[in-house]
Amino acid sequence: MKEFDIVIIGAGPGGYVAASRAGNLGLKCAIIDKRAELGGTCLNVGCIPSKALLDSSEHYEYAKKSLQDHGVLVGDVKLDLKALLERKDKVVREVTSGIDYLMKKNKVEKFTGTGKLVSPHEVEITAQDGKKEIIQGKNIIIATGSVPIEIPGLPVDGQAIVTSDHAINLPQVPEHLVVIGAGVIGLELGSVWRRLGARVTVVELLPRLFGTADKQIADLALRALKQQGMEFLFEHKVLKAEKKGSKVNVTVQQPDGKETVLMGDVVLVAVGRRPFTDGLGAKEIGIEFTERGRIKVDRHNYRTNIPHIYAIGDVIDGPMLAHKAEDEGLAVAEIIAGQKGHVNYEAIPWVVYTWPEVAWVGRGEEELTAAGIAYKVGKSYFKANGRAKAMHETEGMVKILADKKTDRLLGVFILGPRASDMIAEVVLAFEFGASAEDIGRSVHAHPTLSEVIRDAAQAVGGWAVNQ
Ligand code: NAD
C-alpha cells in the first residue's frame, strides 16, 4: 500500500493549493479527484468558465451597443455561440492543465477516482472503470467542495431545468431564461445569457440583493442590472417547475400569497450550494458534522474531531468562495508542516462579476449600525474619474466606512468597472489594519480607476481634494 504524509481528497482550489504548498514544503502528498482534469468546480464548471463567458458576452454587447460611442463602426455584429463556448472550453483546458503541471512540479502524486475514507488513515480510490486501490495517509485533508442545491418541485434535467453546471453550456440562447435565486450565480449567468439575447427574469425569495452587503451599493447594482433589461421578482417563492412541450411553466408565490405562472424556455436553479460529502465515508469513520451539514473543524487548525484528519473549503463553515478555500489550503499545509498557517476571515473579498462589477470587504452601514459601531462614510463616483470617462465606463461608486474614532477601515464597497481587481488594494489595507487616511495619502497612479478609492478615502476625513 502506498503511504503519504498527506492524502488530499478533492483537487479544487482548496485541495490543489494545499497539495502545492505541502509538496513545496517537502511533504509527500497524494491528491485524489474524480475528474481527470484538476481544479474542481471552480476551474472546470464554476469560476473560470463563467468568467470566460462573462468576458465574451461583455465584448459582444459592447460591440453592439458601445463601440460606436468610441467612433468605431463595425457593421452587423453577429454571435457565433459555438465558437464562444469552444473558447470557454479552451480556457478551461489551459487552466486545468496548469494545475497538473503544478502537481508535478511539487512532486504530488495524482490519483483519478472517487476517494472514500475506509479507516482513519486509509482512503479507497475507485476509478471510473471500477478498479479500487487503497492508499494511506499520516494526515488526510478533506476538500471535497460543494454541489448545487436542488429543490423539490424543480427536477433538474440538464436541459430545460438546469443548474450552473449546465448553464455554462446551453446549446442555444434561450428566448426566456427564468433564474431562481438572485445570488452570485444567478446574476452572473443571468448577465451572460441576457447579453447574448435572452429575456431574463430573476425570482428571489428575499427583498434585496447581496444579503449583508451595504444596501446602497446593492440597490445601485440592482438599478444597473434593471437598466440593462434584467427583470426581478423579489419576495417571490418558487413552488414548482413543469415542462410543457418546449417550454417550462414556473409557479411562483407572490408576496400576497397568490400564485402566478412564468413561462420560460430554460430555468436556472441557483439557490445556493451544499457541501459535498456523499459517499465520502466521513460519517462512517466518526467525523462530526455541524447541524447545517458541514464538517466540524477547529477554525484555528482545520482539524476535525479525528485530529490527523483536516477539512477545508466549502465542506466547512464560511463563505463558499474559491479564494477562501485557497487560503485555507495554504494554511492547513503549513500547519501540518509545523508552521503557523492562518486565515484572516475579516479580510475576505467578495466579488460579483456583473457589469459594473461589485466587490467589497468588511461590513456595510446596516451591519455596523446593528452592531452599534460608530462610523464615518466617504464616497466617490466613477463619473468624476478621468480614466473611467476615457473608458466610457462611468457607472458606479466607491463607499468607504471607517471607525469614527480611530479611522480604521471597517468596510469598503465598490460598484464599478474592474472592481474585482481594485479590491485587492483594499484587502491589503485591511491586512495592515490601515486607516482611511492611509489610503487617502497613498500615491495612486493617474489616471486610473483606483483614484476613486483614494478619493473616497479622503472623503472619509472630509478633505477629498477632487470633490
Ligand atoms: P447564493 O447563496 O449566492 O444565492 C442564492 C439565492 O437564492 C439567495 O439570494 C436566496 O435567497 C435565493 N433562494 C433560495 N431559495 C429560493 C427559492 N426557493 N426561490 C427563490 N429564491 C431562492 O447561491 P448561488 O448564487 O447559487 O451560489 C452558490 C455559492 O457559490 C455561493 O456561496 C456563492 O458565494 C458561490 N459563488 C461565488 C461566486 C463569486 O464569488 N463570484 C460566483 C458563483 C458562485
Residues located in segment 147-159, provided they are among the β-branched types (Val, Ile, Thr) and part of a loop (DSSP other than H, G, I, E, B): Ile149, Ile151, Val156
Within segment 441-467, tally of residues that are touching a residue at least 24 places away in the same chain (Cβ under 8 Å) and open to solvent by less than 60 Å² (accessible area, probe 1.4 Å): 14
Options Tyr101, Tyr60, Tyr16; residue that is among the aromatic types (Phe, Trp, Tyr) and within 23 Å of Val173 (Cβ to Cβ): Tyr60
Wholly enclosed helices (runs of 4 or more DSSP H) of segment 5-110 bearing at least 2 residues over 25 Å from Val352 (Cα atoms): 13-24, 81-105
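Yes/no matrix, rows are residues, columns are (1) outside the structural domain of His444 (by TED's automatic domain parsing); (2) modelled with pLDDT under 95; (3) in a strand (DSSP E or B):
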| position | (1), (2), (3) |
| --- | --- |
| Asp298 | yes, no, no |
| Ile306 | yes, no, no |
| Asp317 | yes, no, no |
| Asp327 | yes, no, no |
| Leu330 | yes, no, no |
| Trp360 | no, no, yes |
| Leu368 | no, no, no |
| Gly378 | no, no, yes |
| Thr394 | no, no, no |
Restricting segment 332-351 to residues that are more than 16 Å from the ligand (Cβ to nearest atom) and in a loop (DSSP other than H, G, I, E, B), the residue that is nearest to Arg223 (Cα to Cα): Asn344
Criterion (closer than 27 Å to Arg223 by Cα and either surrounded by fewer than 18 Cβ atoms within 10 Å (Cβ to Cβ) or more than 16 Å from the ligand (Cβ to nearest atom) (or both)) met by exactly one of Thr354, Thr369, Thr290: Thr369
Subset of segment 385-404 [without any contact (Cβ under 8 Å) to a residue 60 or more places away in the chain and open to solvent by 40 Å² or more (accessible area, probe 1.4 Å)]: Lys389, Ala390, Met391, Thr394, Lys404
Per-region count, segment 27-59, residues more than 15 Å from the ligand (Cβ to nearest atom) and without any contact (Cβ under 8 Å) to a residue 40 or more places away in the chain: 2
Condition check for Leu177: closer than 30 Å to Pro207 by Cβ, of a type in the set (A, V, I, L, M) and more than 22 Å from the chain's Cα centre (by Cα): no
Residue identified as closer than 30 Å to Ile6 by Cβ and either aliphatic (A, V, I, L, M) or open to solvent by 20 Å² or more (accessible area, probe 1.4 Å) (or both) among Lys65, Lys90, Lys116: Lys116
Listing of strands (runs of 3 or more DSSP E) fully contained in segment 160-279 that carry 1 or more residues being open to solvent by 20 Å² or more (accessible area, probe 1.4 Å) and either more than 16 Å from the ligand (Cβ to nearest atom) or more than 30 Å from Ile142 (Cβ to Cβ) (or both): 199-203, 231-233, 237-244, 247-253, 259-264
Residue, farthest from the ligand (Cβ to nearest atom), within segment 128-151, restricted to residues that are open to solvent by 30 Å² or more (accessible area, probe 1.4 Å) and among the hydrophobic types (A, V, I, L, M, F, W, C): Ile134
Close pairs (6 angstrom Cβ cut-off, 6 or more residues apart or separate chains): in contact (Cβ under 8 Å) with a residue 24 or more places away in the chain and small (Gly, Ala, Ser) in segment 144-162, more than 13 Å from the ligand (Cβ to nearest atom) and open to solvent by 50 Å² or more (accessible area, probe 1.4 Å) anywhere: Ala160/Lys243
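The values are calculated or read from the model by the stated rules, or taken from the named source; none is laboratory data. For clarity, every value in this text was computed on a predicted model and none was experimentally measured. Glycine gets a Cβ as well: all are built from the backbone with ideal geometry, and neighbour counts include every protein chain shown. To get the accessible areas, we keep the full protein, side chains included, count just its heavy atoms, and leave off ligands, DNA and RNA. Shrake-Rupley method; radii C 1.70, N 1.55, O 1.52, S 1.80 Å.
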